[in-house]
Amino acid sequence: MPDQPLRIMIVDDHAIVREGLRMLLGDEPDIAIVAEAGDAETAIDLAAAKKPDVILLDVALPGRDGICAAKTIAAQPDAPKIVLLTSSLADDLRLQEALDAGVVGYLLKDVSKADLVRALKNAHAGAPAFHPEVQRQLLRRATGARLAHESLTAREREILIEIARGKSNKVIAYDLGLTEGTVKGHVSTVLAKLGVDDRTQAALYAVKHGLVKA
């Protein structure tokens, strides 16, 4: 029995973009367009009903945006893979929101047909499908994050772990045999080195980067 075609759903609020993508992908023998949507709510409903393998999803949609839709779709049983297709690169915050929402790809609308087809197949296989500039952006962020906590001394890392466990300066001081003033100084240094504003952000950083278990 021949392999089934890759089932794609296109989500974009511009009909001409949907038509262009449908024509672009329509002559690929191993790809089938199974659904289209022009807004987030319709996309969420169709994702559940049509069960596409991959959703090609615009970020800028009327009402709920594409990242919000992606988060909802990714929570569905047997959720499809989601690739964002948008006009411009996201800033770090929006990119992180997209990753947290469960997307596996982020492409720009100037992508070539060959690269788009390759990205869809990679996404279906569970491999990342990111525009080269997004890959560089992710690498810069990962490198910066790694250096941030690697710059901590052994004592500062110990303090960070205690912060992430929800301990107060007084308790940390008692547990580590330090004065409360010394702990307070270490905490200030840890926050500064990590580039965060408060203990909560420091704790989230520690969990995110595997320094402690959530």
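The values are calculated or read from the model by the stated rules, or taken from the named source; none is laboratory data. Note that this is a predicted model, so its numbers are computed, not measured. Ideal geometry is used to build each Cβ from the backbone, glycine not excepted, and the neighbour counts take in all protein chains shown.
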Legend entry - Residue in segment 76-97 that is modelled with the lowest pLDDT, counting only those that are out of contact with any strand residue (DSSP E or B) (no Cβ under 6 Å at 6 or more places or on another chain) and closer than 24 Å to residue 117 by Cα: 90
Inset, instruction - Please give the number of the condition residue 107 fails out of (1) under 29 Å from residue 204 (Cα atoms); (2) free of Cβ contacts under 8 Å to residues at least 12 places away in the same chain. - result: (2)
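Quick grid of which residues meet (1) surrounded by 13 or more Cβ atoms within 10 Å (Cβ to Cβ); (2) touching a residue at least 60 places away in the same chain (Cβ under 8 Å); (3) not polar (S, T, N, Q):
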site: 161; (1), (2), (3): yes, no, yes
site: 169; (1), (2), (3): yes, no, no
site: 172; (1), (2), (3): yes, no, yes
site: 178; (1), (2), (3): yes, no, yes
site: 196; (1), (2), (3): yes, no, yes
site: 204; (1), (2), (3): yes, no, yes
site: 209; (1), (2), (3): yes, yes, yes
Legend entry - residue 34 being touching a Lys or Arg at 6+ places or on another chain (Cβ under 6 Å) and either of a type in the set (A, V, I, L, M, F, W, C) or within 25 Å of residue 127 (Cβ to Cβ) (or both): yes
Legend entry - Number of the exception - residue 116 against (1) touching a helix residue (DSSP H, G or I) at 6+ places or on another chain (Cβ under 6 Å); (2) in contact (Cβ under 8 Å) with a residue 60 or more places away in the chain: (1)
Inset, instruction - May I ask you to list the residues in segment 52-74 that are over 14 Å from the mean Cα position of the chain (by Cα) and small (Gly, Ala, Ser)? - result: 60, 63
Legend entry - Residue that is nearest to residue 32 (Cα to Cα) [pool: residues in segment 94-121 that are assigned to a helix (DSSP H, G or I) and either touching a Pro at 6+ places or on another chain (Cβ under 7 Å) or among the charged types (D, E, K, R) (or both)]: 121
Inset, instruction - Search segment 196-211 for residues being part of a loop (DSSP other than H, G, I, E, B) and at pLDDT below 85, and hand back the single one that is farthest from residue 149 (Cα to Cα). - result: 210
